[in-house]
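S.K.: This is the structure I have questions about; it appears just below.
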Amino acid sequence: MAKPGRNDLCPCGSGRKYKKCCEAKERSQANGRMLMILVGAGVLAAVLVGIVSFSSERASGPTRVWSTEHGHYHDASGTAVP
Ligand SMILES: [Zn+2]
Ligand SMILES: [Zn+2]
């Protein structure tokens, strides 16, 4: 089925022009879907960035320093590690 012209009567039978009737509705629906996709992509990106920063944080980790004086490890902040 061919798409109706924008200045033709709307196929839904409202008596209005297609551009003033269902085309506008379809367009707003498409915009809503696009917004949903963008929001979803943004959330996904944020989650991925969070995972990457979390894992890189774990990978670098706190550097342990052996204290011969105390006989145990210290981490970077200077607290004792059992
Ligand atoms: Zn219509
Ligand atoms: Zn110590």
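S.K.: List the residues whose amide H sits under 5 Å from the amide H of ARG16, counting only those 5 or more places along or on another chain, with H placed 1.01 Å from N in the peptide plane.
M.R.: Those qualifying (amide H under 5 Å, at least 5 residues apart or on another chain) are CYS10.
S.K.: Could I ask something else about it? In the chain, which GluC sites (Glu not before Pro) are in a loop and have at most 14 other Cβ atoms within 10 Å, using DSSP for the loop call?
M.R.: Answer by residue number: GLU69.
S.K.: Please report, to two decimal places, log10 I(q)/I(0) for the chain at q = 0.26 Å⁻¹ as given by the Debye formula with identical point scatterers on the Cα atoms and no solvent.
M.R.: Log-scaled intensity ratios, in q order: -1.09.
S.K.: OK, next. May I ask which residue of ASN31, GLY15, ALA80 lies farthest towards the positive end of the charge dipole of the chain, with charges of +1 (Lys, Arg) and -1 (Asp, Glu) on Cβ and the Cα centre as origin?
M.R.: Among ASN31, GLY15, ALA80, the one farthest towards the positive end of the dipole of the chain is GLY15.
S.K.: Now, a different point. Relative to the first principal axis of the alpha-carbon coordinates of the chain, what is the inclination of helix 22-60, with its axis defined by its Cα atoms, in degrees from 0 to 90 and to the nearest 10?
M.R.: With both axes taken from Cα atoms, the answer is about 10 degrees.
S.K.: While we're looking at this one, here's another question. For ARG6, what charge total do you get from the other residues with a beta carbon under 12 Å from its beta carbon, if Lys and Arg give +1 and Asp and Glu give -1?
M.R.: On the way: positive: LYS3, ARG16, LYS17, LYS19, LYS20, ARG27; negative: ASP8, GLU23, GLU26.
With Lys, Arg at +1 and Asp, Glu at -1, the neighbours total +3.
S.K.: Using the Cβ atoms and a cut-off under 12 Å, what net charge is assigned to the surroundings of LYS25, where Lys and Arg are +1 and Asp and Glu are -1?
M.R.: Combined, the nearby Lys, Arg, Asp and Glu give +2.
S.K.: Follow-up question, since we're still on this one. Show that you can apply the helix-only estimate: for the chain, add -39,500 (n - 2.57) for every DSSP H stretch of four or more residues, divide by all residues, and state [θ] at 222 nm to the nearest 500.
M.R.: Values: 1 runs with 39 residues, N = 82.
So the calculated ellipticity at 222 nm is -17500 deg cm²/dmol.
Read-outs: derived from the displayed coordinates by stated rules, not from any lab. It should be emphasised that the depicted structure is a prediction, and the values quoted were computed from it without experimental measurement. Note: ideal-geometry Cβ built from the backbone for every residue, glycine included; neighbour counts use all protein chains shown.
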